[in-house]
Structure formats: C-alpha cells, structure tokens
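Contents: one structure, followed by commentary.
The values are calculated or read from the model by the stated rules, or taken from the named source; none is laboratory data. All figures in this text were calculated on a predicted structure; none of them were measured in a lab. Here the Cβ positions follow ideal geometry from the backbone for every residue, glycine too, while neighbour counts run over all protein chains shown. Remember, those area values only see protein heavy atoms, side chains included, never the ligands or the DNA or RNA. Shrake-Rupley method; radii C 1.70, N 1.55, O 1.52, S 1.80 Å.
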Amino acid sequence: MIKITVTINGRKVKAQKGATVLEIAQASGIRIPTLCHHKDLSPYGGCRLCIVEVKGTRNPLTACTLVAEHGMVVKTDTERVRKLRRATLQLILSEHPNACLVCEREGDCNNFQECIKKSAVTFGCKSCPKNNECELQDLARELGIKDIPFEFRYRNLEPQRNDPFFDRDYNLCVLCGRCVRVCEEIRHASTLEFHHRGPDTMVGTAFDLPHLESGCQFCGACVDVCPTGALRDRFSRYDRPPDRKMRTTCLLCNMGCAIDLNVAGDKVTCTTPHRSQICVRGRFGIAPLVHHPKRITKPLVKKEHGLVEVEWDEALDFAAQKLREHHNRTGMLLSSQLTSEAIDRAYSLCDRSKAVIAVPAAPVEGLTPLQFRKIERNAAFIVINTDLVADYPVLLLGLRRKFKDSKKFIVINALAHATDRYADTVLNPKPGTAHEVLDALVGTRTRRVPKKCGITADEIDGARCLLKDRPCYVLYDVANFALARPVKSVKRLCLSAIPNGLKICRMGFDRTPDQLLSSDRIDCLYLVGSAPFLRRKYQTVIVQDSFLPGFDFDVFLPAATFVELDGTMVDIEGKKKRVHRAVEPAGRSRSDEWIFGRLAQAMSMKPGKKKKRKMAKSKPMPRIHTSRAYPLQLIVRENTHLYRGRPLSSLLTGFQRLRRDRSAWFNERTARKYNLHDGALAKIANHEISFELPVRISQEVPDGAVLIFAHPSLSRIKDQRVRLECSKS
C-alpha cells in the first residue's frame, strides 16, 4: 500500500495513493461542504460546492473528483472559496423553494406558526416532509445564506403520487444525480435518468413511464440517498425525525438482511439498509405491518354472542383445555417467520401434546446451505424457473458485484421476467420441460433437446458455448423446480424464500400442509402465523397471529411482530443472525415464544421424549395427459412476498399494486381465445382442484398457460393441466 503526504489547510496528512482530496479531508476530520457526493457512489462533481484551492492551479477544483498527489497543498476554507460556494448555493436555491431558508425570523417560526404539514402546499420548509433532515437546510445555515440575488424560478410541477410506496416532488429536486447513480451503480436497474437539457433538465424514467412499468424494483435506494424532500417514503412522510435507530434482521424472507429500524417514540417510522442493500419487502413492508390499523393486539375468545375480548389467562386456559381435550388429534400449522427460539418452543409443545406439526415449507426438503463464498470466480450460472429480480434481488446484486468481470447467466424459464435483462442467454421452453432443457445443456452425454420443449438446437449450442471451460452452478428455487437427480458437471445453489428453512430442514416435520389439512384424524387445528384455505370444519380452531383469519375460530392469541421481540433466525447460508427488539409489543400482544411457554405451563404436562422427526414427503401427483379435457397448462410459482402465511398484497395497498399475486395470469392470445379480460373472475379446475381468481393479462405468460402464485393449500398442483370452467365479468 503506497502512502502519500498531502497538506490540507497547513496540516500534513498521510493517505493512500489514489484517494481523492475529499476522502482524505473527511478521514482527517476536515469539513468540506458537499451536496451531490455520497460515500457509496462514484464522484460526480455536479454541485460544485466542494471546490478547494490547490497550489499551482489557477482555478478552484472539485475535491470529490480531484485525485490527491504526493506533496499537494490544498486550502479548503479561503475567502475566495467561501464566496464561490455561497454564490453556487444561491444559484441552486434560485430554482428551489427558498423563502424559509433565507427568512430572518426562521428561528422564531415555531413560536408563531401552527404546523401545516398535512397541507397539500409544499412551498415552505414547514410543510416539507424532510424538514430538519434536509441537507440543503444544513448547507444554507453553514454557508450563511441570507438572501438570493438571482431571480427565483419555480418549476410548478405537479407532485407525482402514482407510485406504490413513495412520492416524488421534482419542484424540490436540486439535480444532484444521487438517485440516478444509485439506481445504476448500486442496484443495476438503470430505471432513472436525466431528461432534457439546461433549465428544463429533470429526473425521470425512460419515456416518462410510471415506475411500475419501467422496471423499478422499489428498493427505496433513491429515496435513501435523496438530500432533499424530492423523494419521500409515503408511510413516514408526516412522522417526526427518528429518535433512534435499531439494528435488526429482516424476517420477511430467507436472506436475513441487516436493517436499521428508524424509531420515533414507540413507532417504527421506516426501515433502511444497514451497510448493504435490501429489497422492497424489507424497505417498505415492515413499518406498515407493525402499525397496521387492522392488526389485532388483544386476546379474543368465541362465546355465545360472538367474539369477546378477554385477558391472557382466560385465553390461554381456554386454548390449553382444548389442546388437552384433543390430545393426539391436534394438528399445528406453523409459520417459519418466527424466531428460532419460538420454533423450538413450538416443537417442544407438540411433543408434549402429541400434536402433529406441519410447516408451510414442505418444498425445503431438498434445501442445502447456499455457500456464496465458495463460488468460483469465473463461474457461469443457470437460473431455472426463478425470477431473481422479484424474489432474490439482494442475492442477484451480490452475484453481479462478485462476478462483474466474468459473470455468465443463462435463464431457463417458461415465463419472461425481469431477470432476462441480466442474462447472456434466455431459453423459454414450454411449461413443464425445464428438466429436459437442462439435461440437453449440461448432461454428461451430448443430447438433443426434445421437440416438445420448443427450444432449437442452435439455442442450446449457443448456451453451451457460454459454459465452456467454466465451473457451472444451477440456481433454482426448490419450490419451483426439483432437481430430480444430481448432475456431475454442475453444482447446485438451492434457494428458498422461507425464513429458517435450513433449521426446519434439520428438525423435520410430521406432515406437509396439504397432508395435515386433508387428514380426517385432526379435530383441533392450531394455526400459528398461517392462514390456509380450510377444506373442512374442525371441532376447535386456535389462531395465533397478528391479523384475523378469513374463517371462524374459537380463540385468537395476538402475536407480536419480529421488530417487537428478541431472538435469532437462520438465513439462507445457514448462519444464525440476531433479531433485536426496537419497540414494545403493541397492545397486549406477546411473542410466540412467550405464548408457547405459557401454554405448556397451563397444560401442566411433563416434557415428552424429544423424537427425531423425519422430513415428510408429499406423494407426487399423477400427470394428466388428456390435453383435450384439460387444455391449459397450470404454472405455479412460489409466493415470496408473504408475512406469516398471508400475501403482503392482502394487507398493504402498495404491494397489491406491485405484486397482484392473488390473480390468475393469462397471455393476451389465450385471453382472447377464452373471451377473458382484466378483472374478470375465472374458475380454474381439474379432477383434483377448483378455485376462482381475478384475471390479469400479461405477455410474460406463454400462450396456452395460466400462472398463479403458490399457497400452502395448493402445494400439490405443480405443473398440472387445467381447464377454464367459466368466467364472470
């Protein structure tokens, strides 16, 4: 490591060769104002506020783009620099609402003006969602801006509130380019760009398309780096600045991402990534769930006149009595979105009560730890039946970052989706033929791809060229694709969005959800964070959750969310990660671990012998080959956007617009053939199943197929032939 010496404001500082003057100054505690600079983004030099004087140069230079050289003499705070910075910021403010920033009575404003934050007017700082958190406010105070000598130009643009999770008010945009760069450099989505030139320059999507149609991942990275109120999280828009930040682990999927919870008082206002990136679930899903208006936080018991709020002791005694009554005839359907400690307690409770346990994670029987660090540098990846952008965006970012110079991605999927844009080769076989395509591609013997797959020999040959002399890895979600037999020439990278999936694999479970729900030996159903479609009536139904189910029950035990408790979880790599409490449990809700412990005490049972459970295996469904009777191919994909068994789209409006995973998706050509249109109600059936879902039209679905997202009750209908019995407008 080569060291250089730089003199800044008369102080000699040692630094690493290649560092910029701004980086050296910040590391040495020397303040240089910036607006467009961000530590995670490449130098931009757009705002010109970081200018410094360098000995031997005629004009000041931007410190963020100036690479330091040995012996360089820099001055950061001369009168000339301060004057230029003030003039530059005044120019920036001439196109930004500035009345509050230069008001001589700014300090007394709170004493005379009532809060108008909920007003639609966004012209003054008091009505700005980023008041007191705005970097522009801080810079105006630091540089002593008292007036704006230039003519004020207000863009007078209509704020855009048509996106699911955040608002955009480009009247407050200072064109720092942070959002554009983070979208391109960090997220690799390139959704945002600069439009037009000169005074008409604006930030937006290509062709000004809505974010929902432009490939936006709604990760919130642009919102997090915006220095003003131009981009703002809709849920926390009117909340006060956070009092503290709490680090925890996200439990909305199996990646186990580290997140910071912004807490104001007893409320989680929003979540932000902790030293990494997160997805839309972790960024915009947690705070609205914790403080959802329909969340139930008091125990309920069904009595003669309906549901009645009761104390915990009464609710626990009632539940314990029912578990004793149905000894050996109780089934527990357990969510995996609990802490590891709560899962252990649940298994212990089932051993005591001789209950049968099932987890909506039956597909994890083939799951193995994802050994990310052991992947070879010049690797090639075959992604099968999995949309990495929608389901595992953080994993995709990690792969692209680690293998940016040598990555090769081959996608095999009957569906067209966002992952295709990152692929070198895309193979779209007919539904249900991905195994044959994989065998033809990486089989030990050179095989011809069957005609039924719809893939040409030239496509296979082109994909083989990408794999030549490279270690090959197959990436697949175990819920969407089963690698029937190992292939020596490739290594498996099994994915699952189910939190604690590896832990559950090791512990095992007695039944699959389908086996448990169809069993006539179960009289009492104990649902912990699971909301299945009940196929029959039970003598007793116990629900332990945060939201009411859509069916009758006898007792409801309100469970705390994962931001309201301490514990651990096991992520996709098999690592144990800490979950920390940020706020107290809402109302009278309690942690699942506490509830299981109190139930065990109320049942007064001695611990049973801890039996070694075997992983339950579901019987394969027979294939239906009568294409005339069942002309449509059903494609089932794992629903990775869940919270305790419920689709996020059923709880949060933003996810309903983003995901629409409670729909049946048809190709436009198929829709015309069956006279379907968006919003119509279609009844889909075969000899085993029958259900109704609203219709959605998408070109991502192949002709002659229908796509649905998985539900625990539909775990047995993978890749089946179905027919459309009727449709209603």
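As a check on your grasp of the helix formula, calculate [θ] at 222 nm for the chain: sum -39500 (n - 2.57) over DSSP H runs of n ≥ 4, divide by the residue count, round to the nearest 500.
-5500 deg cm²/dmol
Note the full-extension length gain between ARG161 and LYS14 as 0.36 nm times their separation in residues minus their Cα-Cα distance, in nm to one decimal.
48.1 nm
Please list the radius of gyration and Dmax for segment 180-338, considering alpha-carbon atoms only, with Å as the unit.
In order Rg, Dmax, the Cα atoms of segment 180-338 give 22.4, 77 Å.
Suppose all protein chains stay in the model; what accessible area per residue would a 1.4 Å probe give for segment 3-77, in Å²?
53 Å²
Taking 0.36 nm per residue of separation and subtracting the Cα-Cα distance, what length does fully extending ARG240 through LYS537 add?
102.2 nm
Label LYS39 and ARG153 with points 7 Å out from Cα along Cα→Cβ: what is the distance between them in nm?
It is 3.5 nm.
Can you compute the modelled spin-label distance between ASP208 and LEU548, with each label point 7 Å from Cα toward Cβ, in nm?
Modelled inter-label distance: 4.5 nm.
Just the C-alpha atoms of segment 632-728: what Rg/Rh do they give, with Rh taken as the Kirkwood radius?
With Rg and the Kirkwood Rh in hand, the quotient comes to 0.95.
Just to be sure I follow the definition: excluding the sites themselves, where is the longest run in the chain that has none of the GluC sites (Glu not before Pro) in a DSSP loop with at most 12 other Cβ atoms within 10 Å?
Longest gap between qualifying sites, sites excluded: 312-687.
So what is the relative contact order for segment 151-290, in percent, with contacts set as C-alpha pairs under 8 Å and at least six apart?
It rounds to 19 percent for segment 151-290.
If you place +1 on the Cβ of every Lys and Arg and -1 on the Cβ of every Asp and Glu, how big does the dipole about the Cα centre of segment 149-261 come out, in debye to the nearest 20?
Taking the Cα centre of segment 149-261 as origin, the dipole is about 340 debye.
Of the options TYR643, PRO694, HIS677, report the single residue whose Cα projects farthest towards the positive end of the charge dipole of segment 632-728 (beta-carbon charges: Lys, Arg +1; Asp, Glu -1).
Highest projection toward the positive end goes to TYR643.
What is the angle, in °, between the Cα long axis of helix 340-353 and the longest principal axis of the Cα atoms in the chain? Nearest 10 is fine, range 0 to 90.
That helix lies at roughly 20 degrees to the long axis.
Consider all pairwise Cα distances in segment 3-77 and report the whole-number % of them above 16 Å.
Cα-Cα pairs in segment 3-77 separated by more than 16 Å: 41 percent.
Scan segment 433-517 for trypsin sites (Lys or Arg not before Pro) in coil per DSSP, keeping those whose Cβ has at most 14 other Cβ atoms within 10 Å, and list them by number.
Passing both the DSSP loop test and the Cβ count: ARG445, ARG447, ARG448, LYS468, LYS488.
Going through the cross-link list LYS408/LYS575; LYS430/LYS683; LYS402/LYS576; LYS452/LYS683; LYS302/LYS577, which pairs have a Cα-Cα distance over 32 Å in this structure?
Cα-Cα > 32 Å for LYS302/LYS577; rest within.
So for the pair PHE691, GLU314, with labels modelled 7 Å out along Cα→Cβ, what separation do we get in nm?
Taking the simple label geometry, PHE691 and GLU314 are separated by 3.7 nm.
Compare the Cα positions of GLY587, GLN277, TYR170 along the charge dipole of the chain (+1 at Cβ of Lys, Arg; -1 at Cβ of Asp, Glu; about the Cα centre) and return the one farthest towards the positive end.
Sorting the options by dipole projection puts first GLN277.
Which aspartates and glutamates have a Cα less than 16 Å from the Cα of LYS83, not counting those fewer than 8 places away in the same chain?
Hits, sequence-local ones excluded: GLU53, GLU142, ASP147.
Give the calculated FRET efficiency between LYS294 and THR5 to the nearest 0.05, with a Förster radius of 60 Å applied to their Cβ-Cβ distance.
0.45
Check each of the chymotrypsin sites (Phe, Trp or Tyr not before Pro) in segment 226-327 and keep only those in coil by DSSP with at most 15 other C-beta atoms within 10 angstrom; list them in order.
TYR238
Under the definition of Cα pairs under 8 Å and six or more residues apart, what whole-number percent is the relative contact order of the chain?
11 percent
Size of the dipole of segment 141-206 about the Cα centre, Lys and Arg at +1 and Asp and Glu at -1 on the beta carbon, nothing else charged, in debye to 20?
That gives segment 141-206 a dipole magnitude of about 100 debye.
Over segment 632-728, what is the percentage of antiparallel beta bridges among all DSSP beta bridges, to the nearest 5?
65 percent
Can you pull a Stokes-Einstein diffusion coefficient for the chain at 37 °C (0.692 mPa s), Rh from Kirkwood over Cα pairs, as a whole number of µm²/s?
Calculated translational D: 114 µm²/s.
Over the chain, what percent of the accessible surface lies on carbon and sulfur atoms, probe 1.4 Å?
49 percent
In the chain, if the dipole is taken from +1 on Lys/Arg beta carbons and -1 on Asp/Glu beta carbons about the Cα centre, which of PRO288, PHE553, ASN480 is farthest to the positive end?
The Cα lying farthest towards the positive end belongs to ASN480.
Could you state the angle between the C-alpha long axis of helix 312-325 and the longest principal axis of the C-alpha atoms of the chain, as a value from 0 to 90 degrees rounded to the nearest 10?
In the chain, helix 312-325 runs at an angle near 30 degrees to the longest axis.
Using unit Cβ charges (K, R positive; D, E negative) and no other charged atoms, how large, in debye to the nearest 20, is the dipole of the chain about its Cα centre?
In total the dipole reaches around 2420 debye.
Percent relative contact order of segment 380-495, based on C-alpha pairs within less than 8 angstrom and at least six residues apart?
Result for segment 380-495 is 29 percent.
Helix 79-93 sits at what angle to the longest principal axis of the chain, using alpha carbons and giving 0 to 90 degrees rounded to 10?
The angle comes out at about 50 degrees.
Tally the DSSP beta bridges in the chain and give the antiparallel ones as a percent, rounded to 5.
Rounded to the nearest five, the antiparallel share is 55 percent.
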